[in-house]
Amino acid sequence: TFTCTTTGDDYHRQGVQQGLGAMMSQQGWKYCGEALHIRGCKHCVIEECLFDQVGGNAIYLERDNHRIAVRYNEIDRSGFNGVVLAGDRVKYPRFCEVTDNHIHHIGRICNYVAGVFLGLSDSNVVAHNYIHDVPHHAVNLGTNGMGRNYVEWNEIRRACLEISDTGAINSWGDVPFPWVEPGVERSGHFIRYNLIADTSGCRVDEQGRVVADPQESRGIYLDDYTSNCMVWGNVI
């Protein structure tokens, strides 16, 4: 069990700038930290752990991690993200699996987060997870012009509870990529066989209150020049 770790203001570690999109790390902000940090490892397993009320991110896979398995864990009320896979254009997570986890009620300190967040990464699988009651994304595929990830067989309920213009499964494709020239075909993702329910969305009304607004959210949101994704077999 990991619990009651410290916190901060920034979503990500300094130096992991690429692929983060709107969630990029901010100069001068204190990084929120993580309960478990893995960097430059191969063939590790994080299994059957409880991450209970950690102050920052629960699990952070940074840069060149290969074939890491994150499975059968519960992440409950983390301050920031649940699981993060992030790197730069040279060293980034590949062939990792985030499977059969229960992730819920995250973003208790910062709500601009995801149950599973992927920045620059390639050939990773996010599958068979139960993700629910999250303020923003259940799964965010980051700004990734060079890798292809697989999001499949997940059950997602009550995402996008506190943020507008968002989606339960979200991908950013902001242009320009510093490593992909304009006009060059970029990789997409496989998003298939997911169950997505009760993605509410929200807005601020004239009185300054946060109210539900389904028009401000989507089940699957391929945003900002995201391209070449294969999306099929989902129930939304």
Enumeration of residues in the range 91-100 that are assigned to a loop (DSSP other than H, G, I, E, B) and open to solvent by less than 10 Å² (accessible area, probe 1.4 Å) | Pro93, Cys96
Within the range 101-116, can one find any residue that is modelled with pLDDT of 95 or more, basic (Lys, Arg) and either under 16 Å from Gly19 (Cβ atoms) or open to solvent by 10 Å² or more (accessible area, probe 1.4 Å) (or both)?
-> yes
Enumerate the pairs (first residue in the range 16-40 and at positive phi; second residue anywhere and aliphatic (A, V, I, L, M) and assigned to a loop (DSSP other than H, G, I, E, B)) with beta-carbon separation below 6 Å, excluding pairs fewer than 6 apart on the same chain, so at least 6 apart or on different chains.
-> Gly19/Leu120
In the range 52-90, which residues are within 15 Å of Ala138 (Cα to Cα), assigned to a loop (DSSP other than H, G, I, E, B) and either basic (Lys, Arg) or touching an Asp or Glu at 6+ places or on another chain (Cβ under 7 Å) (or both)?
-> Arg77
Members of the range 41-83 that are under 22 Å from Val134 (Cα atoms) and basic (Lys, Arg) = Arg71, Arg77
Index of the failed condition, Tyr150 passing every other in (1) in contact with a Pro (Cβ under 6 Å, 6 or more places away or on another chain); (2) open to solvent by 10 Å² or more (accessible area, probe 1.4 Å) = (1)
Please specify each residue of the range 117-140 satisfying the condition of being touching a Phe, Trp or Tyr at 6+ places or on another chain (Cβ under 7 Å), assigned to a loop (DSSP other than H, G, I, E, B) and open to solvent by 10 Å² or more (accessible area, probe 1.4 Å).
-> Ser123, His128
Any chance the range 52-64 includes a residue that's charged (D, E, K, R) and surrounded by fewer than 20 Cβ atoms within 10 Å (Cβ to Cβ)?
-> yes
What number of residues within the range 192-236 are open to solvent by less than 90 Å² (accessible area, probe 1.4 Å), charged (D, E, K, R), over 22 Å from Gly142 (Cα atoms) and modelled with pLDDT of 85 or more?
-> 1
Here is a list of conditions, (1) open to solvent by 20 Å² or more (accessible area, probe 1.4 Å); (2) in contact (Cβ under 8 Å) with a residue 60 or more places away in the chain, and Val84 meets all of them except one; can you say which number that is?
-> (1)
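The values are calculated or read from the model by the stated rules, or taken from the named source; none is laboratory data. Note that the structure is a prediction, hence the values are computed from the model and not measured. Virtual Cβ from ideal backbone geometry, glycine too; neighbours counted across all protein chains shown. Note: areas computed on protein heavy atoms with side chains; ligands, DNA, RNA excluded. Shrake-Rupley method; radii C 1.70, N 1.55, O 1.52, S 1.80 Å.
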